[in-house]
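Here the structure is laid out as structure tokens; the discussion comes afterwards.
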Amino acid sequence: MILLLELTSWEVRLFLLALLVLISVHLLTGQINTKGLLIGRKGDGTQYFSPERVQLLLFTVGASFQYLAAVLHEPTRFPMVPETWLLILGGSHVVYLGGKFGASLLGKS
């Protein structure tokens, strides 16, 4: 049974490493388009650098890595997500969506 758990753990790690390499190669070769990732559009169609998108991206990636680290630390069960991370990530999404909502209201008036 222990051998099966160890084998499964290594299989998951190898899969995640392969996925990381594949995504990295596609990003570096331009096969994944990231142009305009951090650019927002106002209601009138003008573009601007969106700090809301930057903070949303940073908090999402941070929470993802924190969870991945917890999974790799103890791969035999799903880790608990800390309540503070849920609040931070939820607040980040509220800020982003609030900015989108406010921009849509200002663009229509």
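The values are calculated or read from the model by the stated rules, or taken from the named source; none is laboratory data. Quick caveat: nothing in here was measured; it's all calculated off a predicted structure. Note: ideal-geometry Cβ built from the backbone for every residue, glycine included; neighbour counts use all protein chains shown.
Some notes on this structure:
- Here LEU22 fits the description: modelled with pLDDT of 90 or more and on the phi < 0 side of the Ramachandran plot.
- Which listed residue is in contact (Cβ under 8 Å) with a residue 40 or more places away in the chain and exposed (fewer than 12 other Cβ atoms within 10 Å of the Cβ), from THR8, THR29, THR76: THR76
- Tally, over the range 42-64, of residues that are touching a Phe, Trp or Tyr at 6+ places or on another chain (Cβ under 9 Å), in contact (Cβ under 8 Å) with a residue 40 or more places away in the chain and of a type outside the set (Ser, Thr, Tyr): 5
- The one condition in (1) outside the structural domain of PHE78 (by TED's automatic domain parsing); (2) more than 25 Å from LEU86 (Cα to Cα); (3) in contact (Cβ under 8 Å) with a residue 24 or more places away in the chain that PHE15 fails to fulfil: (3)
Conditions tested, residue by residue: (1) at pLDDT 90 or above; (2) surrounded by 13 or more Cβ atoms within 10 Å (Cβ to Cβ); (3) under 30 Å from LEU4 (Cα atoms).
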{"site": "TYR48", "(1), (2), (3)": "no, no, no"}
{"site": "GLN55", "(1), (2), (3)": "no, yes, no"}
{"site": "VAL71", "(1), (2), (3)": "no, yes, yes"}
{"site": "LYS100", "(1), (2), (3)": "no, yes, no"}
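- Exactly one residue out of ILE39, ILE23, ILE2, ILE32 is in contact with a His (Cβ under 6 Å, 6 or more places away or on another chain) and among the hydrophobic types (A, V, I, L, M, F, W, C): that is ILE32.
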